[in-house]
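Every number here is computed from the coordinates shown, using simple stated rules; none is lab data. The structure presented is a predicted model; accordingly, all values stated were derived computationally and were not measured. Here the Cβ positions follow ideal geometry from the backbone for every residue, glycine too, while neighbour counts run over all protein chains shown.
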Amino acid sequence: MKRILIVGAGGQIGSELVPHLQKIYGNNNVVAADINSNCASNLGDVAFEVLDALDTQRYVEIVKKYKVDSIFNLVALLSATGERNPQLAWKINMSALMNSLEIAREFNCAVFTPSSIGAFGPTSPKDNTPQDTIMRPTTIYGICKVTGEMLSDYYFLKYGVDTRSVRFPGIISNVTLPGGGTTDYAVEIYYGAIQHKHFICPLPQGTYLDMMYMPDALDACVQLMEADPAKLKHRNSFNVTAMSFEPSQIYATIKKRIPDFTLEYNIDPIKKSIADSWPNYMDDSCAREEWGWNPKWNLETMTDDMLKVIGEKYKAGVLK
Ligand code: AKB
């Protein structure tokens, strides 16, 4: 990767991937694009372009202007939002991907598009979910993800486009809040603990899901895109995980550090039914073998860091 475009740069992953890639590849070799011009001010010193990823002509102009060779397509409506508006989710998720793949084909770019644990469904094995297994998701988000994986492989096989991706679990972070996901509770619980010493959890006790701290997710993006293509038996997409827990475990981990923290459950039926259809934990051995995936953060170390960073923001008055 030499000249990188991040589309959907203002979101949870993009807002941290931009500075991460700038550190590795140089400030001037990363371009951030997002439909929302307001996010430019949070992204620091980076070339920023307003882009609706469905606007092919403008997308092409930006790729040509910056001589882009690698695209991170982070545009997505997440799982819970998707269930509230399936037609819109399909339109945005699939059109952004199709545009990215077509432009990559024309301008010889590599493409990274995150897939998700949402690509699995109720008939996939729930424990140690294999890399290659039954994938019959029952959410529109998951259907977009499986289609996206297949389309990305198709563009590689048919046109030689260098497409690569990972099935991300819930990503936990402290810069930009996620929005509309089923796993968002695992981010929001830290803010609840610091701001209100209380959290209302939308998923029931016992709902295990794969999770990952943002620094590991950023490493996964770079490691996979830099991996020797000769070693990749898979491309779209690799199972990757760092930890699996259920709500009462993350609560207990935070409570050890904030003893007066309390939790109550108020179940969101849409999120519950989505989470029930997803794996408890995935087998990510193919990612480990094919490109050296090796996450560094676990629930304990992540909790220390999350509480420290969010606590500092709270003390500084950035959070109320
Ligand atoms: C969601 O919950 O929708 C996302 C995901 C796991 O893909 N965070």
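Considering 133, 129, 147, 139, which residue is polar (S, T, N, Q) and within 12 Å of the ligand (Cβ to nearest atom)?
Values: 133 fails: within 12 Å of the ligand (Cβ to nearest atom); 129 fails: within 12 Å of the ligand (Cβ to nearest atom); 147 fails: within 12 Å of the ligand (Cβ to nearest atom).
Residue meeting the stated conditions: 139.
Collect the residues in region 150-172 that are of a type in the set (Gly, Ala, Ser), away from the ligand (no atom under 13 Å from the Cβ) and part of a loop (DSSP other than H, G, I, E, B), keeping them in residue-number order.
Kept after step one, since they are of a type in the set (Gly, Ala, Ser), are these residues of region 150-172: 152, 160, 165, 170.
Then drop every residue that is not away from the ligand (no atom under 13 Å from the Cβ), which leaves 152, 160.
Result: 160, single match.
Yes or no, residue by residue, for (1) under 19 Å from residue 125 (Cα atoms); (2) of a type outside the set (Ser, Thr, Tyr); (3) buried (at least 22 other Cβ atoms within 10 Å of the Cβ); (4) free of Cβ contacts under 8 Å to residues at least 40 places away in the same chain:
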| position | (1), (2), (3), (4) |
| --- | --- |
| 227 | no, yes, no, no |
| 235 | no, yes, no, no |
| 249 | no, yes, no, no |
| 258 | no, yes, no, no |
| 263 | no, yes, no, no |
| 268 | no, yes, no, no |
| 276 | yes, yes, no, no |
| 287 | yes, yes, yes, no |
| 300 | no, yes, no, no |
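Can you run down the residue pairs with Cβ atoms below 6 Å, 6 or more apart or on separate chains, where the first is in region 147-170 and free of Cβ contacts under 8 Å to residues at least 60 places away in the same chain and the partner is outside any helix (DSSP H, G or I)?
If the second residue must be outside any helix (DSSP H, G or I), the pairs left are 155/161; 155/163; 170/183; 170/209; 170/211.
A quick yes/no check of all residues on (1) in contact with a strand residue (DSSP E or B) (Cβ under 8 Å, 6 or more places away or on another chain); (2) within 16 Å of the ligand (Cβ to nearest atom); (3) under 22 Å from residue 148 (Cα atoms):
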residue: 239; (1), (2), (3): yes, yes, yes
residue: 243; (1), (2), (3): yes, yes, no
residue: 251; (1), (2), (3): yes, no, no
residue: 265; (1), (2), (3): yes, no, no
residue: 279; (1), (2), (3): yes, yes, yes
residue: 282; (1), (2), (3): yes, yes, yes
residue: 290; (1), (2), (3): yes, no, yes
residue: 295; (1), (2), (3): yes, yes, no
residue: 302; (1), (2), (3): yes, yes, no
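Collect the residues in region 91-119 that are within 16 Å of the ligand (Cβ to nearest atom), part of a helix (DSSP H, G or I) and touching a residue at least 60 places away in the same chain (Cβ under 8 Å), keeping them in residue-number order.
Of region 91-119, the ones within 16 Å of the ligand (Cβ to nearest atom) are 92-94, 96-97, 112-119.
Applying the additional criterion that residues be part of a helix (DSSP H, G or I) yields 92-94, 96-97, 117-119.
Listed by number, the residues that qualify are 96, 117, 118, 119.
For region 11-90, which fully contained helices (runs of 4 or more DSSP H) count at least 1 residues that are away from the ligand (no atom under 16 Å from the Cβ) and exposed (fewer than 14 other Cβ atoms within 10 Å of the Cβ)?
Details: elements: 14-25, 56-65, 79-84.
So the answer is 14-25, 56-65.
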